[in-house]
Amino acid sequence: MTPVSEVKYKIGNERLVKVTGSAAAKLSQLLQRQGRPHGALRVAVIGGGCSGLQYKMDLVEGPANRDILVESNNVRVVVDPKSALFVSGSLLDYSDDLQKGGFKVTNPNAVAHCSCGESFSA
């Protein structure tokens, strides 16, 4: 029998990322549908897009080693330390608009956005 290693993560707060009510409702709905009511949304910043950086979001069971866990509006968001440098102070919202719907990040650190709204530079 192998010992279960404990996941070491930090607890963050809404100064890192804040979730609006509409985003929290949609996230809860998606997690329930996947059968992970205690799961979380992973928000990461990766290289790519026409402005150099873009967001990547995935539903996960919970934090991994070194992650930062934020609870906001009764949902959980996890961010890795490198991405935290880029998303600090961000607001996560959700819209079901037909053309520009989905999860959207309003990021005060972004100095430029591309016209498609999918990438940014910091």
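The values are calculated or read from the model by the stated rules, or taken from the named source; none is laboratory data. Computed from a predicted model, the values in this text were never measured in an experiment. Positions of Cβ are backbone-derived with ideal geometry, glycine not excepted, and every protein chain shown enters the neighbour counts.
General remarks:
- Subset of the range 1-27 (residues that are among the basic types (K, R) and not in a loop (DSSP other than H, G, I, E, B)): K10, K18, K26
- L30 vs. criteria in a strand (DSSP E or B) and either out of contact with any Phe, Trp or Tyr (no Cβ under 7 Å at 6 or more places or on another chain) or buried (at least 16 other Cβ atoms within 10 Å of the Cβ) (or both): no
- Residues in the range 69-86 that are among the acidic types (D, E) and within 15 Å of S28 (Cα to Cα): 1 in all.
- Condition broken by G39, with the remaining ones in (1) under 26 Å from P108 (Cβ atoms); (2) small (G, A, S); (3) modelled with pLDDT of 95 or more satisfied: (1)
- The criterion of being closer than 30 Å to E6 by Cβ, at pLDDT 95 or above and in contact with a Lys or Arg (Cβ under 9 Å, 6 or more places away or on another chain) does not hold for S28.
Conditions tested, residue by residue: (1) within 20 Å of K10 (Cβ to Cβ); (2) among the basic types (K, R); (3) out of contact with any Leu (no Cβ under 7 Å at 6 or more places or on another chain).
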| residue | (1), (2), (3) |
| --- | --- |
| I68 | yes, no, no |
| S72 | yes, no, yes |
| P81 | yes, no, yes |
| L91 | no, no, yes |
| Y94 | no, no, yes |
| D97 | no, no, yes |
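- When the range 81-99 is filtered for residues that are within 10 Å of the chain's Cα centre (by Cα) and not in a helix (DSSP H, G or I), the ones remaining, listed by number, are S90, L91, L92.
- Unique match (being hydrophobic (A, V, I, L, M, F, W, C), at pLDDT below 95 and either closer than 20 Å to D96 by Cβ or surrounded by fewer than 16 Cβ atoms within 10 Å (Cβ to Cβ) (or both)) among V45, V75, V4, V19: V4
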